[in-house]
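Below is one structure, written out as structure tokens, with a few remarks after it.
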Amino acid sequence: MPDLTAKAIEDLARGVRYFRNHTFPNNRELYESLAEKQQPHTLFLTCGDSRIDPGAMTNTDPGQIFVERTPGNIVPVYSEGAAVGVSASIEYSILVLGVRNVVVCGHSACGAMKALLDPEELDHAPATARWLRYAKPAVGILDARYPDLEGSERLERLCKLNVLAQMANLHTHPVVESRLHEDRLELHGWYYEIHTGRVDAYNSSTGLFEEIL
């Protein structure tokens, strides 16, 4: 039986060689322009799921989006007493880098949301369970408003409600509220359907996620 671990690392190394010999030379001017500075226009908060590729999804080049990935695309409620890396990314990208947009992007078949619907899955993962507490308000809304949903429909609804819950959590961050008040920042909620490639954006006027066409 082949050593799958060694093969995986070799695949990564092969990718590095391709980048160094082909991708980088073909885009040298772009990479050299990014050597000392970055000016992204958007903070893209999404899940750490390996099936999500923010650059491919948005067709952006290096330097255009500042990506923060967390299990369940979760944004913790701001706390001055908690050392949370996500909060630092939010503050740095907005205050220092000057991004003008924040996108919270959830996705279909999210493992974190599945775990919220079946808490026993987290008995062996206490750190994950603690992290997912930031998404429990979405479960409360799901149970109150959509008690009859089952199966895949229930999971999809939770994934979308979680996007809205994390957007609400963004409002607890002082730099977010400050820039929103100054009309220097916009918040966006997206939902990515992995098996179709469809991306929906939340429309606050209709209260629906609508396809980005």
Quiz item: How many of the residues in the stretch 25-52 are closer than 23 Å to Arg198 by Cα and either touching a Cys at 6+ places or on another chain (Cβ under 9 Å) or not in a strand (DSSP E or B) (or both)?
Solution: 10
Quiz item: For Gly55, are the conditions met, namely being free of Cβ contacts under 8 Å to residues at least 60 places away in the same chain and assigned to a helix (DSSP H, G or I)?
Solution: yes
Practice problem: Tell me, please, whether a residue that is over 18 Å from Tyr192 (Cβ atoms), free of Cβ contacts under 8 Å to residues at least 24 places away in the same chain and part of a loop (DSSP other than H, G, I, E, B) can be found in the stretch 125-141. | Solution: yes
Self-check item: Cβ-Cβ under 7 Å pairs, at least 6 apart or on other chains, the stretch 196-213 side in the same structural domain as Val103 (by TED's automatic domain parsing), far side part of a loop (DSSP other than H, G, I, E, B)
Solution: Val199/Ile212; Asp200/Ile212; Ala201/Ile212
Quiz item: Residues in the stretch 156-178: is at least one closer than 13 Å to Val102 by Cβ, in a loop (DSSP other than H, G, I, E, B) and either in contact with a Pro (Cβ under 7 Å, 6 or more places away or on another chain) or basic (Lys, Arg) (or both)?
Solution: no
Quiz prompt | Considering residues of the stretch 87-109 that are out of contact with any strand residue (DSSP E or B) (no Cβ under 6 Å at 6 or more places or on another chain) and over 18 Å from Glu186 (Cα atoms) only, the residue surrounded by the most Cβ atoms within 10 Å (Cβ to Cβ) | solution = Ala109
Quiz item: When only residues in the stretch 51-67 that are of a type in the set (Gly, Ala, Ser) and either surrounded by fewer than 13 Cβ atoms within 10 Å (Cβ to Cβ) or over 13 Å from the mean Cα position of the chain (by Cα) (or both) count, which is nearest to Asn101 (Cα to Cα)?
Solution: Gly63
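The values are calculated or read from the model by the stated rules, or taken from the named source; none is laboratory data. Note that this is a predicted model, so its numbers are computed, not measured. Note: ideal-geometry Cβ built from the backbone for every residue, glycine included; neighbour counts use all protein chains shown.
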